[in-house]
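Below is one structure, written out as structure tokens; the observations come after it.
The values are calculated or read from the model by the stated rules, or taken from the named source; none is laboratory data. Fair warning: this is a prediction, and the values are worked out from it, not measured in the lab. Here the Cβ positions follow ideal geometry from the backbone for every residue, glycine too, while neighbour counts run over all protein chains shown. Side chains are part of the model used for accessible areas, which takes the heavy atoms of the whole protein and leaves out ligands, DNA and RNA. Shrake-Rupley method; radii C 1.70, N 1.55, O 1.52, S 1.80 Å.
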Amino acid sequence: MPVAITTPGYRYCHKVNHCLSASICALSTAKKPMVTPASSSGTPSNAGAFTTIKETVTFEKEIKKSKFIAIAGPISNEQSAHSFLNQVKDPRATHNCWAYKVGDQYRSNDDGEPSGTAGKPIHSAIVSSGLDRIMVVVIRYFGGIKLGTGGLVRAYGGVASECLRNAPTCLEFLKVPMGVEVPFDLLGVLYHQLQSFEVEDIKQDYDTGKDGTTMVSFKVEFDRAEKLEEAIKANCSRELVFYKH
């Protein structure tokens, strides 16, 4: 039986000032592209939400005296994938093969197994599951019997699929960077709305070039961005300048 282990894991612009442009640009360039781009994930893309696994799960199976242990966990980017790999891999094992997927970006590694017999079938299992922002590491302890290329593909892909099939999942919404210019006297009204919509990373910038006005930037769930904007406009009762990336 699989064992579950919990682990501590946009677009229009009415008007853009220099300060917000620099801020949004920094957000865009902060993400390092992963090494291997996926030309086709095999699943329909969703710009606002994705399904991932809630926690780290494991699945173990013995195949012709070799022990295979699949460990899957949620990740957010390439850096967290490397951290997850370092956390779960076993240097004493014969092979620590892996694959991960974050949106249209992915990487995989055969770790000494014949090319295409381990990392690729693990990645295929991820794609077939319909899950995103996850990593699967399959650890193999060689039992003395060679499986052949076909056997390896079935073994690595099979244990990865079983691991993900039994994993608890959840729907996650992407965060959209937004900003709005507001007069000082409306800050209280604005912050009340931001709290109601549970936004994150709230920042203020007073260098707007306009007296009595500040720029407030934040992140809100993709599917709530439009409703938040409407709520702010309705409660502030005056024309405001919004920015989205």
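Key figures for this structure:
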| read-out | value |
| --- | --- |
| Residue count, region 218-245 (criterion: of a type in the set (D, E) and farther than 17 Å from V182 by Cα) | 3 |
| Residues located in region 91-111, provided they are more than 17 Å from Y141 (Cβ to Cβ) and either modelled with pLDDT of 95 or more or surrounded by 14 or more Cβ atoms within 10 Å (Cβ to Cβ) (or both) | A99, Y100, K101, V102, G103, Q105, Y106, R107, S108, N109 |
| Any hit, region 194-204, residues being in the same structural domain as S80 (by the TED database) and open to solvent by 50 Å² or more (accessible area, probe 1.4 Å) | no |
| Qualifying residue in region 83-90 (condition: charged (D, E, K, R) and either within 10 Å of M135 (Cβ to Cβ) or modelled with pLDDT of 95 or more (or both)) | yes |
| Top-ranked residue in region 155-178 [being touching a Ser or Thr at 6+ places or on another chain (Cβ under 8 Å) and within 25 Å of G48 (Cα to Cα); ranked as surrounded by the fewest Cβ atoms within 10 Å (Cβ to Cβ)] | L171 |
